[in-house]
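Peer 1: For reference, the structure I am asking about is given below.
The values are calculated or read from the model by the stated rules, or taken from the named source; none is laboratory data. Because the structure is predicted, anything quoted here is derived from the model rather than measured. Virtual Cβ from ideal backbone geometry, glycine too; neighbours counted across all protein chains shown. Ligands, DNA and RNA are excluded from the accessible area calculation, which covers all protein heavy atoms including side chains. Shrake-Rupley method; radii C 1.70, N 1.55, O 1.52, S 1.80 Å.
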Amino acid sequence: MTPRSALLNVMTRAVDKAARALKRDFGEVEQLQVSTKGPSDFVSNADLKSERILREELAKARPGYAFLAEESGATAGTDAEHRWIIDPLDGTTNFLHGLPHFCISVGLEKAGEIVAGVIYDPIKDEMFLAEKGGGAFLNDRRLRVSARKNLGESLLATGIPFRGHGDTTDFKRQLDFAMNETAGVRRLGAAALDLAYVAAGRYEGFWEEGLSPWDVAAGILLVREAGGYVSDLKGGQNMLHGGTILASNGLLHAPLQAALKPH
Ligand code: IPD
Ligand code: CA
Ligand code: CA
């Protein structure tokens, strides 16, 4: 058992509590698929409930930290340095359709830099953790990015643009490259887990456009702490607020970035 820092304990405790509520609600949502009204109101409530629990628990343990959360937006804190960046339910479309692939993502920013991240998939019971300088973990196992350096053997993940998210022209060109040059592309529908999977060596790379800070905050640190590299699609470091991301095992970053960069 790897000893966890006090900070990671605070984060995992909050995430666990919110995840218990989400998991109960997911059980209900599976039943609601056949109702005429559909489960959307129910799901937005599940989302809000998860965020409320996370905020309550984190504020109790670290009073004064600011928040940037998907549902409630930015809330200033009395602490000028620290800010939680929260996605209370990443993979909402999956959740809404009864597809068991979603997570909670919590990152901690200190003076503009991500210093801790937790991503939890309650269905698979996979808790991804990272703290700056302390490595990345899946439950209690140390994570390393994959060692594959051949593009032809690499498995990539992405997010397919949908109504109002992402540029479809760019995407078609990117997909064309990936279809021709790699071993395959996955679109599982939860960006935070896509990043965690790069950290875990399951994917050699992940790219997406149209993302928000809460989709990527925790995942960026996980990939870095697992030995990978993260940039925006132009090769710069504006992933948190710029909306685009490319995460890789590092070895394949240059060829991926060259092929995927937006026109
Ligand atoms: C979405 C998921 C999805 C990605 C979207 C995100 P949400 O987050 O991460 O994989 O393609 O761009 O908005 O809405 O489920 O929290
Ligand atoms: Ca999200
Ligand atoms: Ca969300």
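Peer 1: Quick one: among GLN31, GLN237, GLN174, which has the greatest mean-square fluctuation in a GNM of the chain with alpha-carbon springs under 10 angstrom?
Peer 2: GLN31
Peer 1: With θ taken as phi - 60° and the coefficients 6.51, -1.76 and 1.60, list the Karplus ³J(HN,Hα) couplings across segment 174-179 in order, rounded to whole Hz; mark glycine and proline as x.
Peer 2: After applying 6.51 cos²θ - 1.76 cosθ + 1.60, I find 5, 5, 4, 4, 5, 5 Hz.
Peer 1: Using a 1.4 angstrom probe on the protein heavy atoms only, line up TYR203, TYR229 by accessible area, largest first.
Peer 2: Numbers: TYR203 10, TYR229 105 Å².
Largest accessible area first, the residues go TYR229, TYR203.
Peer 1: Along the positive direction of the dipole of the chain (beta-carbon charges: Lys, Arg +1; Asp, Glu -1; about the Cα centre), which of VAL10, THR78, PRO262 reaches farthest?
Peer 2: The Cα lying farthest towards the positive end belongs to VAL10.
Peer 1: Per residue of segment 249-258, in order, report the coupling 6.51 cos²θ - 1.76 cosθ + 1.60 (Karplus, θ = phi - 60°) as ³J(HN,Hα) in whole Hz, putting x for Gly and Pro.
Peer 2: Working through the residues one at a time gives 6, x, 4, 9, 5, 4, x, 5, 5, 4 Hz.
Peer 1: Just read off the accessible area of ARG20 with the full protein assembly in place, 1.4 Å probe, to the nearest 10 Å².
Peer 2: In the full protein context, ARG20 sits at about 140 Å².
Peer 1: At 222 nm, what value in deg cm²/dmol follows for the chain if DSSP H runs of at least 4 each add -39500 (n - 2.57) and the sum is divided by all its residues, to the nearest 500?
Peer 2: The per-residue figure over the chain is -12000 deg cm²/dmol.
Peer 1: Out of residues 5 or more away from LEU233 or on other chains, whose amide H comes under 5 Å of its own, with H placed 1.01 Å from N in the peptide plane?
Peer 2: Here THR244, ILE245, LEU246 satisfy the definition.
Peer 1: Taking the dipole about the Cα centre of the chain, with the C-beta of Lys and Arg at +1 and of Asp and Glu at -1, give me whichever of GLY135, GLY152, TYR120 is farthest to the positive side.
Peer 2: Of the options given, the answer is GLY135.
Peer 1: Compute, for the chain, the length of the dipole vector about the Cα centre, with Cβ point charges of +1 (Lys, Arg) and -1 (Asp, Glu) only. Units Debye, rounded to 20. Intermediate results must be reported in sequence, preceding the final value.
Peer 2: Details: 30 positive and 34 negative charges, 98 e Å.
Dipole about the Cα centre, nearest 20: 480 debye.
Peer 1: Which of LYS23/LYS149; LYS49/LYS110; LYS60/LYS132; LYS110/LYS172; LYS49/LYS132 have a Cα-Cα distance over 32 Å? Intermediate results must be reported in sequence, preceding the final value.
Peer 2: Working: LYS23/LYS149 38 Å; LYS49/LYS110 26 Å; LYS60/LYS132 23 Å; LYS110/LYS172 37 Å; LYS49/LYS132 29 Å.
Over 32 Å apart, Cα to Cα: LYS23/LYS149; LYS110/LYS172.
Peer 1: Using a 1.4 Å probe on the protein chains only, how many percent of the accessible area of segment 130-263 belongs to carbon and sulfur?
Peer 2: Details: 2850 of 5700 Å².
The computed percentage sits at 50.
Peer 1: Mind checking which of GLY236, GLY91, GLY205 has the largest fluctuation in a GNM of the chain, springs on alpha carbons under 10 Å?
Peer 2: In the Gaussian network model the winner is GLY236.
Peer 1: What number comes out for accessible area per residue over the chain if the probe is 1.4 Å? Units Å², please.
Peer 2: Working: 11650 Å² over 263 residues.
That works out to 44 Å² per residue.
Peer 1: Once amide H atoms are built 1.01 Å from N in the peptide plane, which residues 5 or more positions from ILE114, or in another chain, come under 5 Å H to H?
Peer 2: Answer set, sorted by chain and number: none.
Peer 1: State the volume of the convex hull built on the alpha-carbon positions of the chain, expressed per residue in Å³ and rounded to an integer. Walk me through the numbers on the way to the answer.
Peer 2: On the way: hull volume 32.3 nm³, N = 263.
Dividing the Cα hull volume of the chain by its residues yields 123 Å³.
Peer 1: Could I ask something else about it? Looking at the chain as a GNM with Cα springs under 10 Å, which of THR182, THR78, THR93 has the largest mean-square fluctuation?
Peer 2: Looking only at THR182, THR78, THR93, the biggest GNM fluctuation is shown by THR78.
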